[in-house]
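Below you'll find the structure, written out as structure tokens, and then a few comments.
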Amino acid sequence: MGNSEIVEELFDYVVTVPDGTAIDIDPHIESGVSDEFYYKLNIYFDECCALDVREDRISAAHASSELRDILLDVTSSDNRVEEFERRVKDWVSEIKQSGWYSYEVAFPLNMVDSPKMPENFSVTGTQINNITRDQWVENYLNPARQENDSLSNYFSRIPNDPSDRDYTYWVLKCEATDGGFATHTAFDYLRTLLARITFADCLWRHRPSSSKIPRVRWSRLREPFMILVFEDSSFHTLQIRDYDNRRPESIRWHDEEMREVFDSIPDFSEPLSELESDVNDALRAYLAGITELDVNESFFAFWRGIEILSQKGRGDNAEVAKKRADFAREFVAPEMIREDVYNDVISDFEDIRNEIAHEGYSRTTEYHQIYAKILLDSLLRLYFEYMDDLDKQELEFLLDYGAASDDGKGELRTRNEKLRRVIDFISEETA
């Protein structure tokens with residue numbers, strides 16, 4: 001379908017009132033079909049506009065709003081399709097030539113301050129800087145309240161104090177075409193940062209216990225319940241994430257082993273390779289699992305990360321992912337589980353995964369949740385150890401080889417020269 005045909009379809013959703021009609025109504029999108037309209041408008045943006053969301057740092061919502069306004073504005077033109085395309089071309093050219101606006105995004109985190117906590121973090125090449133509570137209140141919170149009367153009403157309805165003395169406060173700078181992109185980018189970077197922190201803080205290590213179930217750490221560290229966006233030092237917008245409680249969470253920054261693990265995790269500077277993207281997505285799944293209170297949702301988040309890093313193909317069943325993840329566990333932490341209990345528990349994984357995916361609930365227990373976490377811990381540790389030396393395909397070879405039977409291992413080594421290099425490399429590393 002050509003550009004003109006797509007535009008003509010978009011005009012079909014516009015309601016206009018004929019000239020001479022007593023009722024004065026501006027052109028607007030027909031009620032009841034707005035979802036369909038915006039779906040097709042997004043197709044037009046993706047296929048026909050010379051803009052890229054990431055490269056031009058523009059939010060999809062802002063682009064849709066601008067395109068809709070142009071469409072409504074030219075509806076009554078004699079050559080409305082041509083006029084629309086001309087106006088869109090001018091709009092694109094203006095974005096390309098005018099450059100980006102500077103935004104500051106400030107927010108509270110329910111991470112308790114400590115003497116060893118870093119003063120700043122780097123995420124995808126962007127600095128997230130710690131500010132004092134006084135700086136947060138004076139430079140961001142109070143100006144936002146003065147500009148937006150609705151904030152007081154919002155703050156009265158949430159269980160969190162936006163200036164809680166047990167929180168820490170942070171700010172990042174972002175250049176973008178619009179505030180929506182800055183908002184999206186802030187949450188995107190924060191998911192990666194919090195995933196790195198919680199992985200290092202909650203990485204499973206053997207702790208003596210008389211219980212059959214391993215002792216593990218969980219976390220309450222979550223994305224901020226709100227962020228404040230400023231454009232050129234003036235309040236721009238408030239973005240509310242949710243109305244959930246954020247209890248302060250202490251992170252073990254004093255623990256040298258924890259800091260060593262944290263420092264070993266890449267900051268995922270853009271552009272990400274396919275391998276880095278997989279690891280980043282799996283880390284975010286880890287964050288979802290480690291902070292989720294519902295056992296089913298927590299297990300499913302961990303399983304999502306396992307599927308990503310096990311390089312499970314579309315046609316592979318869950319058993320493939322489980323075997324590859326189990327090899328990773330044996331490789332990085334072979335002595336740390338009760339084999340009898342562990343084997344019993346992971347035998348349920350495929351059924352539980354399917355029940356949650358298709359029925360929304362399952363017979364998931366704390367055992368399933370914990371061992372799913374341990375498998376994802378192991379896969380992430382394996383990737384962090386070797387992703388600088390092995391590419392995505394080589395890591396898949398390694399997992400495939402490790403999960404194979406003895407006969408299968410011999411066959412894989414025989415028919416795959418690249419795999420032989422990987423196995424030889426790993427053998428030297430672990431010798």
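I need the full set of residues from the stretch 223-260 which are part of a strand (DSSP E or B) and farther than 23 Å from residue 178 by Cβ, in order please. Give the derivation first.
Initially, the stretch 223-260 is screened for residues part of a strand (DSSP E or B), giving 226-231, 234-240, 249.
Residue satisfying the conditions is 249 alone.
From the list 176, 195, which one is over 26 Å from residue 288 (Cα atoms), aliphatic (A, V, I, L, M) and touching a Lys or Arg at 6+ places or on another chain (Cβ under 6 Å)? Walk me through it before giving the result.
Details: 195 fails: over 26 Å from residue 288 (Cα atoms).
On inspection, the qualifying residue turns out to be 176.
Of 59, 31, 64, which residue is of a type in the set (Gly, Ala, Ser) and modelled with pLDDT under 90?
Sole residue among the options that is of a type in the set (Gly, Ala, Ser) and modelled with pLDDT under 90: 31.
What's the number of the only condition in (1) among the charged types (D, E, K, R); (2) outside the structural domain of residue 161 (by TED's automatic domain parsing); (3) at pLDDT 95 or above that residue 119 fails to meet?
Only one criterion is unmet by residue 119, namely (2).
Looking only at the stretch 72-81, filter to residues that are touching a helix residue (DSSP H, G or I) at 6+ places or on another chain (Cβ under 6 Å) and over 11 Å from residue 14 (Cβ atoms); which one of those is surrounded by the fewest Cβ atoms within 10 Å (Cβ to Cβ)?
Here is the first cut: in the stretch 72-81, the ones touching a helix residue (DSSP H, G or I) at 6+ places or on another chain (Cβ under 6 Å) are 74, 77, 81.
Keeping just the survivors that are over 11 Å from residue 14 (Cβ atoms) gives 77, 81.
On the way: 77: 12, 81: 17.
Across the stretch 72-81, the extreme among qualifying residues is 77.
Could you list, in sequence order, the residues of the stretch 349-408 that are without any contact (Cβ under 8 Å) to a residue 60 or more places away in the chain and polar (S, T, N, Q)?
Within the stretch 349-408, 354, 378, 393, 405 qualify.
Filter the stretch 82-113 for residues that are within 30 Å of residue 5 (Cβ to Cβ) and either basic (Lys, Arg) or crowded, with 23+ Cβ neighbours inside 10 Å (or both) and give the result. Even if it seems obvious, please write down each step before you answer.
Initial filter on the stretch 82-113 (within 30 Å of residue 5 (Cβ to Cβ)): 82-97.
Passing the criteria: 84, 86, 87, 88, 89, 96.
Could you figure out which of (1) under 22 Å from residue 368 (Cα atoms); (2) assigned to a helix (DSSP H, G or I) isn't true of residue 263?
Every condition holds for residue 263 apart from (1).
Would you mind stating whether residue 204 is at pLDDT 95 or above and closer than 22 Å to residue 286 by Cβ?
The answer is no for residue 204.
Could you list, in sequence order, all residues of the stretch 352-376 that are among the small types (Gly, Ala, Ser) and either at negative phi or modelled with pLDDT of 90 or more (or both)?
357, 362, 372
State which residue pairs qualify: first residue touching a residue at least 24 places away in the same chain (Cβ under 8 Å) and inside the stretch 111-134, second residue surrounded by fewer than 12 Cβ atoms within 10 Å (Cβ to Cβ) and basic (Lys, Arg) in any location, beta carbons under 9 Å apart, and separation of 6 or more residues or different chains.
133/165
With the condition kept exactly as written, say whether any residue in the stretch 377-390 is surrounded by 20 or more Cβ atoms within 10 Å (Cβ to Cβ), over 27 Å from residue 260 (Cβ atoms) and at pLDDT 80 or above.
no
Answer yes or no as to whether residue 172 is under 26 Å from residue 287 (Cβ atoms) and touching a residue at least 12 places away in the same chain (Cβ under 8 Å).
Details: under 26 Å from residue 287 (Cβ atoms): yes; touching a residue at least 12 places away in the same chain (Cβ under 8 Å): yes.
Yes: the conditions hold for residue 172.
Matching residues to (1) crowded, with 18+ Cβ neighbours inside 10 Å; (2) touching a residue at least 40 places away in the same chain (Cβ under 8 Å); (3) of a type in the set (D, E, K, R):
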{"position": "233", "(1), (2), (3)": "no, yes, no"}
{"position": "262", "(1), (2), (3)": "yes, yes, no"}
{"position": "274", "(1), (2), (3)": "no, yes, yes"}
{"position": "279", "(1), (2), (3)": "yes, yes, no"}
{"position": "291", "(1), (2), (3)": "yes, yes, no"}
{"position": "299", "(1), (2), (3)": "yes, yes, no"}
{"position": "305", "(1), (2), (3)": "yes, yes, no"}
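Could you say which residue among 330, 339, 350, 355 is more than 18 Å from residue 285 (Cβ to Cβ), surrounded by fewer than 22 Cβ atoms within 10 Å (Cβ to Cβ) and under 26 Å from the mean Cα position of the chain (by Cα)?
Values: 330 fails: under 26 Å from the mean Cα position of the chain (by Cα); 339 fails: under 26 Å from the mean Cα position of the chain (by Cα); 350 fails: more than 18 Å from residue 285 (Cβ to Cβ).
None of the others qualify; the one that does is 355.
What is the one condition in (1) in contact with a Pro (Cβ under 8 Å, 6 or more places away or on another chain); (2) buried (at least 19 other Cβ atoms within 10 Å of the Cβ) that residue 229 does not satisfy?
(1)
Can you name the residue in the stretch 155-187 that is in contact with a strand residue (DSSP E or B) (Cβ under 6 Å, 6 or more places away or on another chain) and assigned to a helix (DSSP H, G or I) and is also nearest to residue 132 (Cα to Cα) among such residues?
186
The values are calculated or read from the model by the stated rules, or taken from the named source; none is laboratory data. Just so it is clear, the model here is predicted, and its values are computed rather than measured. Every residue, glycine as well, gets a Cβ built from its backbone with ideal geometry; the counts of neighbours run over all protein chains shown.
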